1. What residue, among those in segment 25-59 that are of a type in the set (Gly, Ala, Ser) and at pLDDT below 90, is surrounded by the most Cβ atoms within 10 Å (Cβ to Cβ)?
2. When you scan segment 16-40, how many residues do you find that are under 17 Å from residue 67 (Cβ atoms), without any contact (Cβ under 8 Å) to a residue 40 or more places away in the chain and among the hydrophobic types (A, V, I, L, M, F, W, C)?
3. Identify, from the list 3, 20, the residue that is out of contact with any Pro (no Cβ under 7 Å at 6 or more places or on another chain) and part of a helix (DSSP H, G or I).
4. Scan segment 32-84 residue by residue and report those that are in a helix (DSSP H, G or I) and of a type in the set (Gly, Ala, Ser).
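The values are calculated or read from the model by the stated rules, or taken from the named source; none is laboratory data. If you're wondering where the values come from, they're calculated on a predicted model, not measured in any experiment. Cβ placement follows ideal geometry from the backbone for every residue including glycine, while neighbour counts extend to all protein chains displayed.
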Amino acid sequence: MFALWGACAFSGAGVIRRLALLRAGLLGIGGVYALRGLFLLPEIVLLIQGALDPPRKVIFSAGSLAAGLLYLIGAMMQWRHRVGAAE
């Protein structure tokens, strides 16, 4: 799964050839990561209260949120690039 998602990221960045349904893939992957990252704030609260053990969950959520935002930004850049090229 991560290899496929990485291939989508590389395709979006132009490192490898353009994959089919690239924009939809980038949006879907970004959405999954961003949704996982939304657990960050409640996990921080639980960590501060001492109810969350181990703290690695906070790190995973932060990484997921960052990855999701990067995928979504990449999808937006692809969208703008394609729309600009069509004009």
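1. Quick first cut of segment 25-59, residues of a type in the set (Gly, Ala, Ser) only: 25, 28, 30-31, 34, 37, 50-51.
With at pLDDT below 90 added as a condition, the list becomes 50-51.
On the way: 50: 7, 51: 9.
Only one residue tops the list, namely 51.
2. Matching residues across segment 16-40 total 6.
3. Working: 20 fails: part of a helix (DSSP H, G or I).
From the options 3, 20, the qualifying one is 3.
4. Residues of segment 32-84 that are in a helix (DSSP H, G or I), as a first pass: 32-37, 40-49, 56-84.
The answer is 34, 37, 61, 62, 63, 64, 66, 67, 68, 74, 75, 84.
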